[in-house]
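Structure first, commentary second.
The values are calculated or read from the model by the stated rules, or taken from the named source; none is laboratory data. None of these values were measured; they are calculated from a predicted model. Note: ideal-geometry Cβ built from the backbone for every residue, glycine included; neighbour counts use all protein chains shown.
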Amino acid sequence: MITGTIVYVNAEKGFSFAARDDKQADVFCHSAALARSGIEKVQVGDRVEFEIRESKKRPGKFEATSVALID
């Protein structure tokens with residue numbers, strides 16, 4: 001699993017971005033991915049772990065899946 005920190009949240013549009021601890025590019029996280037993981041919402045500063053996959057809507061871009069909040 002990849003770990004990181006939520007650095008941007010747009011609750012109105014239903015997405016956020018996580019900065020990866022390994023310093024790779026920030027990862028898009030859709031609210032649906034959070035909901036599938038049982039997470040209602042995130043806020044800037046939350047620590048998360050996740051897997052990534054290539055976006056179906058944006059080939060060449062990646063998004064978070066299997067998101068979990070961590071301490």
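Here are the numbers for the structure shown:
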quantity	calculated
Answer residue from the stretch 19-35, given it is within 14 Å of Arg53 (Cβ to Cβ) and surrounded by 14 or more Cβ atoms within 10 Å (Cβ to Cβ) and is nearest to the chain's Cα centre (by Cα) among those	Cys29
Residue, farthest from Met1 (Cα to Cα), within the stretch 11-26, restricted to residues that are of a type in the set (D, E, K, R) and part of a loop (DSSP other than H, G, I, E, B)	Glu12
Selection count, the stretch 36-49, where residues are modelled with pLDDT under 95, loosely packed, with under 15 Cβ neighbours inside 10 Å and of a type outside the set (Asp, Glu)	3
Matching residues in the stretch 1-18 - criterion: being surrounded by 13 or more Cβ atoms within 10 Å (Cβ to Cβ) and closer than 15 Å to Ala68 by Cβ	Ile2, Thr3, Gly4, Thr5, Ile6, Ser16, Ala18
Residue match in the stretch 53-61 (condition: in contact with a Ser or Thr (Cβ under 9 Å, 6 or more places away or on another chain) and buried (at least 17 other Cβ atoms within 10 Å of the Cβ))	no
Strands (runs of 3 or more DSSP E) fully within the stretch 27-71 counting 2 or more residues that are touching a Pro at 6+ places or on another chain (Cβ under 8 Å) and at negative phi	none
